[in-house]
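J.: Questions regarding the structure given below will be posed in turn.
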Number of protein chains: 2
Amino acid sequence: MTAATDRVPDLLDAAAIGQWDRECDVLVIGQGVAGSCAALEAHRAGAEVLIVERASGGGGASAMSSGIYYLGGGTAVQKAMGYDDTPDEMANFIMASCDPLDPQAVRQFCDDSPAHFDWLEEQGVPFERTEFKGKAVYLLDTTCLMSTGNEKVWPYKLVARPAPRGHKVAGEGENAGHAGMAPLLARCEAEGIPAMYDSAVTALVADASGRVVGVRVKQSDRTIHVKARRAVIIAAGSYNMNRDMIAKNLPLLGETSEPLGIPSNDGMGVLLGLSAGAGTSAMDGVIPTGSIYPPAQLIKGIVVNKRGERFVTEDSYHGRLGNFVMEQPDQKAWLILDSEIFAYPENPFARHQLVDGWETIEEMEAGLGLPTGSLVKTMAEYNTAAAEGKDPVLHKSAEWLKPLDQPPYAAFDISFDRSTYLYITLGGLKTGPNGECLTPRAEPIPGLYAVGASAAHIPRNGKAYASGMSLGPGSYFGRRAGRHAAGANWAT
Amino acid sequence: MTAATDRVPDLLDAAAIGQWDRECDVLVIGQGVAGSCAALEAHRAGAEVLIVERASGGGGASAMSSGIYYLGGGTAVQKAMGYDDTPDEMANFIMASCDPLDPQAVRQFCDDSPAHFDWLEEQGVPFERTEFKGKAVYLLDTTCLMSTGNEKVWPYKLVARPAPRGHKVAGEGENAGHAGMAPLLARCEAEGIPAMYDSAVTALVADASGRVVGVRVKQSDRTIHVKARRAVIIAAGSYNMNRDMIAKNLPLLGETSEPLGIPSNDGMGVLLGLSAGAGTSAMDGVIPTGSIYPPAQLIKGIVVNKRGERFVTEDSYHGRLGNFVMEQPDQKAWLILDSEIFAYPENPFARHQLVDGWETIEEMEAGLGLPTGSLVKTMAEYNTAAAEGKDPVLHKSAEWLKPLDQPPYAAFDISFDRSTYLYITLGGLKTGPNGECLTPRAEPIPGLYAVGASAAHIPRNGKAYASGMSLGPGSYFGRRAGRHAAGANWAT
């Protein structure tokens with residue numbers, strides 16, 4: 001049932017379909033967060049909706065995720081916790097960090113973000129009025145608000161006033177996302193939106209004009225064709241698990257990094273879009289994460305490459321730092337600490353190994369096999385500037401600056417090919433402000449939409465990503481696509 | 001003699017070369033600005049240098065260019081014209097706008113930039129102490145200093161103090177670059193650096209360890225093999241003219257845009273590097289330019305797409321604006337003016353066509369075939385904010401804001417497929433701080449360097465480019481590669 005290769009399926013000709021086995025107005029492929037939101041909005045706008053889901057139930061990768069929604073501009077939680085974030089500040093941050101292809105769509109997302117948060121709560125998605133002020137990659141408890149991106153990192157902090165915009169659903173454990181998906185799935189069921197499970201869409205069907213008018217569905221015992229009178233919405237997740245597509249688009253990921261996702265994140269959504277002439281975007285974008293924090297004090301260390309040089313400010317979002325590590329010589333990097341800040345990284349997945357401890361920087365340099373004098377020079381310059389609260393080249397914020405001058409010294413190997421970096425791909429189908437699939441020349445393809453991780457993310461590389469930039473925009477543009485596909489105007 | 005396809009040539013085995021026809025220490029492929037600077041530095045560091053150039057004389061695309069070097073940090077010209085630019089500000093601008101893969105190399109370029117300018121003058125490259133304060137794409141006279149990038153554009157203006165960093169050589173006409181190349185070529189000749197002209201390198205030669213040790217050269221009447229005892233430096237220009245590589249990497253360029261370059265910019269430099277296992281970077285980066293200015297007053301107009309929406313701030317560098325136009329629906333865009341600012345774009349190459357004039361915005365909207373109400377809404381919002389000196393979504397600077405409310409109105413068609421956009425590719429071989437060719441995993445390839453447009457530019461897309469970011473870094477990293485290849489430490 002999964003696409004093992006990057007082969008684009010055939011686009012079927014509607015004229016060759018003898019008889020449709022079933023009909024609907026709007027067919028939604030996949031029932032993760034984007035598909036669920038699309039289905040709900042299309043249904044409420046009066047369309048006859050059908051969900052086709054490969055798994056035996058809804059939830060998708062959204063339910064397996066840590067459950068963080070990137071939202072802001074003054075959400076109820078932000079207000080309750082005392083932040084006066086505005087759509088202007090949120091948009092400025094995304095504009096500056098992502099340089100997005102569609103600034104107007106980004107602006108809409110930011111303007112509508114507080115209302116969209118309210119809508120999610122109205123559906124029963126639970127969010128507490130609580131905040132975590134520390135540095136974490138994900139939270140195991142139900143705390144809601146957290147800084148999850150590069151908002152406080154130079155140069156973005158100069159462009160937009162930082163505010164925490166990660167909104168975690170009130171679920172526990174590593175896969176808290178399910179606590180957000182359960183209410184959405186319950187709504188779909190309560191409102192009578194039909195869903196076919198254990199059903200894989202294996203091809204799109206188009207009419208002579210190129211309009212997408214249906215799909216072919218493979219079930220365990222049969223293959224059927226379903227007509228979609230208005231539109232097909234692809235919400236089938238990312239291509240994280242498609243080895244051929246990964247090898248082609250992200251050759252640097254290598255053998256040791258591991259995809260974060262579920263088996264159906266095999267790129268079939270992207271391949272279906274390609275079959276209908278859709279363009280893609282950001283296919284080489286990825287977040288490889290093997291965070292050095294928590295604990296936060298480790299950010300006061302420095303990260304160096306095989307040349308003994310720093311290459312990224314250590315207070316970056318973990319996906320940004322990981323992206324830079326991936327691109328370093330031989331993908332090698334080390335986290336350097338002194339005794340004052342020494343701690344083990346609390347990252348159970350990355351498994352960063354302690355290399356050793358040394359009494360002098362010279363010994364550490366030799367122990368790590370770095371060029372003679374390189375680390376000595378790097379640390380001398382860093383320490384001199386840090387003592388003045390400065391980092392002239394990479395601009396780490398003053399709160400994380402301190403001279404690393406208290407022996408013994410220690411180094412953790414955070415090399416890309418030694419630690420385990422978990423990755424999320426960011427590329428996907430090119431889409432318009434309502435999730436319309438676009439051709440390479442950005443013209444809408446009639447009858448076809450893509451949302452969630454089947455569509456390209458707003459950030460086109462992991463350096464610009466923030467946790468929650470999948471569920472946040474995924475749910476919002478899912479809703480827009482649902483309404484648009486049903487022929488209704490957008491309203492939050 | 002040119003690579004018509006994207007076929008990577010074979011890497012020849014040194015053991016199979018019966019006899020070398022010629023030997024040198026450092027072989028430089030191409031005698032544009034990067035190759036000339038590399039040859040001079042390697043020669044002066046004591047290496048026996050040989051230049052192999054396809055044309056009948058030196059100069060390359062550098063001599064055909066408009067002759068702008070992006071340099072700053074307090075050059076002699078900047079100081080003479082009253083600017084107190086610093087390496088910090090220059091580096092901050094490049095860091096924020098380019099998010100470069102190698103921050104330390106960028107920093108070195110900025111720190112050394114004033115001294116590198118002095119070096120260029122010492123070689124005889126002529127620069128006046130003059131400044132052009134207006135908006136231009138290139139200058140026909142000998143004026144030197146000009147703003148050529150996005151320094152004054154949001155958000156970069158918030159991160160680094162803007163300074164003009166385009167340094168044009170004191171030559172006249174569209175191809176002033178020759179005035180900068182002539183002295184460098186004369187120096188090469190005066191110092192006795194041998195050059196073989198009408199000679200195309202068609203393959204690299206490597207030893208059993210993978211070290212590049214020579215090249216195969218095709219001349220009109222024979223094919224010879226030249227041994228390079230220390231290194232081969234690829235300075236053979238961009239892949240602008242290679243149709244296969246363009247189609248593969250930049251499918252959006254289409255049929256109507258035209259490459260800026262010379263026939264030998266056929267990607268052979270990149271292909272030679274690939275043959276030795278080098279990686280590439282930014283191969284999908286391009287500057288398509290069809291500037292709307294001069295005259296500068298046109299920047300007070302707005303640019304809209306087929307949806308009737310603005311998508312990029314109009315005070316952007318022309319390459320940034322063109323890059324956004326390329327990505328718009330159906331690649332369509334119009335420059336909208338009112339009678340107060342009406343003028344014809346003075347861009348002889350782009351040939352932007354005046355569509356028509358209209359008494360009302362509604363008529364203009366209909367005349368351009370835009371969705372009903374779209375342009376009316378866009379202009380109403382723009383005019384209201386502009387009256388207050390604001391542009392909340394796209395942040396055009398106040399000096400370019402004025403309500404467009406003086407009929408009649410006019411529109412120029414600046415669509416990507418209607419106007420003639422001239423393009424420069426930015427992608428190329430992945431290189432280290434001394435121009436070392438790197439594998440995809442960023443490990444140096446022994447004996448191989450790439451500089452100038454055969455290497456990837458610092459800006460990885462046209463949105464981040466500034467005029468002069470080819471000649472400036474090309475000459476600087478050319479020098480570094482020359483010294484490094486000769487076994488000498490870097491010294492400005």
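J.: Name the pairs: first residue in segment A:318-331 and at the interface with another protein chain (Cβ under 9 Å from one of its Cβ atoms), second residue open to solvent by 10 Å² or more (accessible area, probe 1.4 Å) and among the acidic types (Asp, Glu), Cβ to Cβ under 6 Å, at least 6 apart or on different chains?
T.: The qualifying pairs are A:PRO329/B:GLU443; A:ASP330/B:GLU443; A:GLN331/A:ASP417.
J.: Being outside any strand (DSSP E or B), within 14 Å of chain A (Cβ to nearest Cβ), touching a helix residue (DSSP H, G or I) at 6+ places or on another chain (Cβ under 7 Å) and open to solvent by 10 Å² or more (accessible area, probe 1.4 Å), is that true of even one residue in segment B:9-16? Steps first, answer last, please.
T.: Here is the first cut: in segment B:9-16, the ones outside any strand (DSSP E or B) are B:9-11, B:14-16.
If we keep only those that are within 14 Å of chain A (Cβ to nearest Cβ) as well, we get none.
No, there is no match, as no residue in segment B:9-16 is outside any strand (DSSP E or B), within 14 Å of chain A (Cβ to nearest Cβ), touching a helix residue (DSSP H, G or I) at 6+ places or on another chain (Cβ under 7 Å) and open to solvent by 10 Å² or more (accessible area, probe 1.4 Å).
J.: Being more than 30 Å from A:ALA481 (Cα to Cα), open to solvent by less than 10 Å² (accessible area, probe 1.4 Å) and away from every other protein chain (no Cβ under 12 Å) is the filter here; which residues of segment A:411-436 pass it?
T.: Matches in segment A:411-436: A:ALA411, A:PHE412, A:ILE414, A:SER419, A:TYR421.
J.: Looking at segment A:183-191, is at least one residue farther than 26 Å from A:PRO459 by Cβ, in a helix (DSSP H, G or I), of a type in the set (A, V, I, L, M) and touching a residue at least 60 places away in the same chain (Cβ under 8 Å)? Spell out the reasoning first.
T.: Let us first name the residues in segment A:183-191 that are farther than 26 Å from A:PRO459 by Cβ, namely A:183, A:185-191.
Pick out the ones that are also in a helix (DSSP H, G or I) and you get A:183, A:185-190.
Cutting the leftovers down to of a type in the set (A, V, I, L, M) gives us A:185-186, A:190.
Now restrict to residues that are touching a residue at least 60 places away in the same chain (Cβ under 8 Å): A:185-186.
Yes; the residues of segment A:183-191 include at least one that is farther than 26 Å from A:PRO459 by Cβ, in a helix (DSSP H, G or I), of a type in the set (A, V, I, L, M) and touching a residue at least 60 places away in the same chain (Cβ under 8 Å).
J.: Then there is this: B:LEU370 - would you say it is out of contact with any helix residue (DSSP H, G or I) (no Cβ under 8 Å at 6 or more places or on another chain), touching a residue at least 40 places away in the same chain (Cβ under 8 Å), in a loop (DSSP other than H, G, I, E, B) and surrounded by 14 or more Cβ atoms within 10 Å (Cβ to Cβ)?
T.: Numbers: out of contact with any helix residue (DSSP H, G or I) (no Cβ under 8 Å at 6 or more places or on another chain): yes; touching a residue at least 40 places away in the same chain (Cβ under 8 Å): yes; in a loop (DSSP other than H, G, I, E, B): yes; surrounded by 14 or more Cβ atoms within 10 Å (Cβ to Cβ): yes.
In short, yes.
Per-residue answers, yes or no, for (1) hydrophobic (A, V, I, L, M, F, W, C); (2) in contact with a strand residue (DSSP E or B) (Cβ under 7 Å, 6 or more places away or on another chain); (3) over 30 Å from B:MET364 (Cα atoms):
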| position | (1), (2), (3) |
| --- | --- |
| B:TRP400 | yes, no, no |
| B:ALA411 | yes, yes, no |
| B:GLY428 | no, yes, yes |
| B:PRO440 | no, no, yes |
| B:ALA453 | yes, yes, yes |
| B:ALA456 | yes, yes, yes |
| B:ALA466 | yes, yes, yes |
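J.: Being open to solvent by 30 Å² or more (accessible area, probe 1.4 Å), over 24 Å from A:ALA278 (Cα atoms) and in contact with a Gly (Cβ under 9 Å, 6 or more places away or on another chain) narrows it down to one of A:ALA76, A:ALA45, so name that one.
T.: A:ALA45
J.: Any idea how many residues of segment A:287-310 are open to solvent by 10 Å² or more (accessible area, probe 1.4 Å) and of a type in the set (Val, Ile, Thr)?
T.: Counting residues in segment A:287-310 that are open to solvent by 10 Å² or more (accessible area, probe 1.4 Å) and of a type in the set (Val, Ile, Thr) gives 1.
J.: Let me ask something else about it. Can you name the number of the only condition in (1) away from chain B (no Cβ under 13 Å); (2) modelled with pLDDT under 95 that A:GLY301 fails?
T.: Answer for A:GLY301: the failing condition is (2).
J.: How do the pairs read when you match residues in segment A:435-446 that are closer than 20 Å to A:GLN108 by Cα with residues anywhere that are aromatic (Phe, Trp, Tyr) and assigned to a strand (DSSP E or B), using Cβ under 9 Å and keeping only pairs 6 or more apart or on different chains?
T.: As it stands, the answer is A:GLY435/A:TYR449; A:GLU436/A:TYR449; A:CYS437/A:TYR449, since those pairs meet every condition given.
J.: So which residues in segment B:62-78 are part of a loop (DSSP other than H, G, I, E, B) and either within 13 Å of B:PRO459 (Cα to Cα) or within 14 Å of another protein chain (Cβ to nearest Cβ) (or both), if there are any at all? Steps first, please.
T.: Taking segment B:62-78 and keeping what is part of a loop (DSSP other than H, G, I, E, B), we get B:65-67, B:71-75.
Passing the criteria: only B:GLY73.
J.: Another one. Which residues, counting only those in segment B:306-315, are within 11 Å of chain A (Cβ to nearest Cβ) and in a loop (DSSP other than H, G, I, E, B)? So that I can check it myself, show each step before the final result.
T.: From segment B:306-315, those within 11 Å of chain A (Cβ to nearest Cβ) are B:306-313; that's our starting set.
Of everything in segment B:306-315, those that are within 11 Å of chain A (Cβ to nearest Cβ) and in a loop (DSSP other than H, G, I, E, B) turn out to be B:LYS306, B:ARG307, B:GLY308, B:GLU309, B:PHE311, B:VAL312, B:THR313.
J.: Only one of these is out of contact with any Phe, Trp or Tyr (no Cβ under 6 Å at 6 or more places or on another chain), modelled with pLDDT of 95 or more and open to solvent by less than 10 Å² (accessible area, probe 1.4 Å): B:GLY472, B:GLY487, B:GLY478, B:GLY468. Name it. Step through it out loud before you land on a result.
T.: Values: B:GLY472 fails: out of contact with any Phe, Trp or Tyr (no Cβ under 6 Å at 6 or more places or on another chain); B:GLY487 fails: open to solvent by less than 10 Å² (accessible area, probe 1.4 Å); B:GLY468 fails: out of contact with any Phe, Trp or Tyr (no Cβ under 6 Å at 6 or more places or on another chain).
Checking each option against the conditions leaves just B:GLY478.
J.: Right, next: Only residues that are within 18 Å of B:TYR69 (Cα to Cα) and in a loop (DSSP other than H, G, I, E, B): list them for segment B:468-492, please. Break it down into steps so the answer makes sense when it comes.
T.: To start, the set of residues in segment B:468-492 that are within 18 Å of B:TYR69 (Cα to Cα) comprises B:468-480, B:492.
The answer is B:GLY468, B:MET469, B:SER470, B:THR492.
J.: Still on this structure, please answer the following. Return the residues of segment A:252-276 that are open to solvent by less than 30 Å² (accessible area, probe 1.4 Å), farther than 27 Å from A:THR439 by Cα and among the small types (Gly, Ala, Ser); say none if nothing qualifies.
T.: A:SER257
J.: Is it the case that A:THR439 is under 27 Å from B:ASP330 (Cα atoms), surrounded by fewer than 19 Cβ atoms within 10 Å (Cβ to Cβ) and in contact with a Gly (Cβ under 8 Å, 6 or more places away or on another chain)? Break it down stepwise before answering.
T.: Details: under 27 Å from B:ASP330 (Cα atoms): yes; surrounded by fewer than 19 Cβ atoms within 10 Å (Cβ to Cβ): yes; in contact with a Gly (Cβ under 8 Å, 6 or more places away or on another chain): yes.
Judged against the criteria, A:THR439 is a match.
J.: Right, something else. Would a scan of segment B:153-165 turn up a residue that is touching a residue at least 40 places away in the same chain (Cβ under 8 Å) and under 24 Å from B:GLY58 (Cβ atoms)?
T.: no
J.: A further question on this structure: Given the criterion surrounded by fewer than 24 Cβ atoms within 10 Å (Cβ to Cβ), touching a residue at least 24 places away in the same chain (Cβ under 8 Å), of a type in the set (Asp, Glu) and within 14 Å of chain A (Cβ to nearest Cβ), identify the matching residue among B:ASP284, B:ASP338. Break it down stepwise before answering.
T.: Numbers: B:ASP338 fails: within 14 Å of chain A (Cβ to nearest Cβ).
Of the residues listed, the single one that is surrounded by fewer than 24 Cβ atoms within 10 Å (Cβ to Cβ), touching a residue at least 24 places away in the same chain (Cβ under 8 Å), of a type in the set (Asp, Glu) and within 14 Å of chain A (Cβ to nearest Cβ) is B:ASP284.
J.: Taking the criterion of being within 22 Å of B:ALA276 (Cα to Cα), in contact with a Leu (Cβ under 8 Å, 6 or more places away or on another chain) and within 14 Å of chain A (Cβ to nearest Cβ), would at least one residue in segment B:460-472 satisfy it? So that I can check it myself, show each step before the final result.
T.: Narrowing segment B:460-472 to residues within 22 Å of B:ALA276 (Cα to Cα): none.
Checked segment B:460-472: no residue is within 22 Å of B:ALA276 (Cα to Cα), in contact with a Leu (Cβ under 8 Å, 6 or more places away or on another chain) and within 14 Å of chain A (Cβ to nearest Cβ).
J.: Evaluate segment A:85-95: report whether one residue or more is more than 14 Å from chain B (Cβ to nearest Cβ) and touching a Gly at 6+ places or on another chain (Cβ under 6 Å).
T.: So in segment A:85-95, the residues more than 14 Å from chain B (Cβ to nearest Cβ) come out as A:85.
So of that shortlist, the ones also touching a Gly at 6+ places or on another chain (Cβ under 6 Å) come out as A:85.
Looking for residues that are more than 14 Å from chain B (Cβ to nearest Cβ) and touching a Gly at 6+ places or on another chain (Cβ under 6 Å), one finds at least one in segment A:85-95, hence yes.
J.: Within segment A:379-399, restricting attention to residues that are charged (D, E, K, R), assigned to a loop (DSSP other than H, G, I, E, B) and surrounded by fewer than 22 Cβ atoms within 10 Å (Cβ to Cβ), which residue is nearest to the chain's Cα centre (by Cα)?
T.: Taking segment A:379-399 as the starting set, the residues that turn out to be charged (D, E, K, R) are A:381, A:388, A:390-391, A:396, A:399.
Restricting the remaining residues to those that are assigned to a loop (DSSP other than H, G, I, E, B) gives A:388, A:390-391, A:396.
Okay, now just the ones that are also surrounded by fewer than 22 Cβ atoms within 10 Å (Cβ to Cβ), so A:388, A:390.
On the way: A:GLU388: 37, A:LYS390: 32 Å.
Among residues in segment A:379-399 that are charged (D, E, K, R), assigned to a loop (DSSP other than H, G, I, E, B) and surrounded by fewer than 22 Cβ atoms within 10 Å (Cβ to Cβ), the one nearest to the chain's Cα centre (by Cα) is A:LYS390.
J.: Here's a follow-up. State whether one or more residues within segment A:221-236 are part of a loop (DSSP other than H, G, I, E, B) and surrounded by fewer than 24 Cβ atoms within 10 Å (Cβ to Cβ). Give the steps one after another, and end with the answer.
T.: So in segment A:221-236, the residues part of a loop (DSSP other than H, G, I, E, B) come out as A:221-222, A:235-236.
Now drop any that are not surrounded by fewer than 24 Cβ atoms within 10 Å (Cβ to Cβ), which leaves A:221-222.
Yes: segment A:221-236 contains one or more residues that are part of a loop (DSSP other than H, G, I, E, B) and surrounded by fewer than 24 Cβ atoms within 10 Å (Cβ to Cβ).
J.: Does A:GLU151 satisfy the condition of being more than 14 Å from chain B (Cβ to nearest Cβ) and modelled with pLDDT of 95 or more? Talk me through it step by step, then tell me what you get.
T.: On the way: more than 14 Å from chain B (Cβ to nearest Cβ): no; modelled with pLDDT of 95 or more: yes.
When the stated conditions are applied, A:GLU151 does not pass them.
J.: Which is under 22 Å from B:ASN92 (Cβ atoms) and outside any loop (DSSP other than H, G, I, E, B), of A:ILE336, A:ILE299? Step through it out loud before you land on a result.
T.: Numbers: A:ILE336 fails: under 22 Å from B:ASN92 (Cβ atoms).
On inspection, the qualifying residue turns out to be A:ILE299.
J.: Going by the conditions given, is B:VAL355 open to solvent by 30 Å² or more (accessible area, probe 1.4 Å), modelled with pLDDT of 95 or more and closer than 24 Å to B:THR289 by Cβ? Please lay out each step first, then the result.
T.: On the way: open to solvent by 30 Å² or more (accessible area, probe 1.4 Å): yes; modelled with pLDDT of 95 or more: yes; closer than 24 Å to B:THR289 by Cβ: yes.
The answer is yes for B:VAL355.
J.: Could I ask something else about it? Exactly one of these conditions fails for A:TYR197: (1) open to solvent by 50 Å² or more (accessible area, probe 1.4 Å); (2) more than 30 Å from A:ALA14 (Cβ to Cβ); (3) aromatic (Phe, Trp, Tyr). Give me its number.
T.: (2)
J.: Let me ask another. List the residue pairs whose Cβ atoms are under 6 Å apart, where the first residue sits in segment B:49-76 and is over 28 Å from B:THR148 (Cβ atoms), the second is in a helix (DSSP H, G or I), and the two are 6 or more positions apart or on different chains.
T.: Every condition considered, the pairs that remain are B:VAL49/B:ALA39; B:VAL49/B:ALA42; B:VAL49/B:HIS43; B:ILE51/B:ALA39.
The values are calculated or read from the model by the stated rules, or taken from the named source; none is laboratory data. Since the model is a prediction, treat every value here as computed from it, not as a measurement. Here the Cβ is made from the backbone with ideal geometry for all residues, glycine too, and neighbour counts use every protein chain on show. Quick note on the areas: whole protein, heavy atoms, side chains included, nothing else; ligands and nucleic acids left out. Shrake-Rupley method; radii C 1.70, N 1.55, O 1.52, S 1.80 Å.
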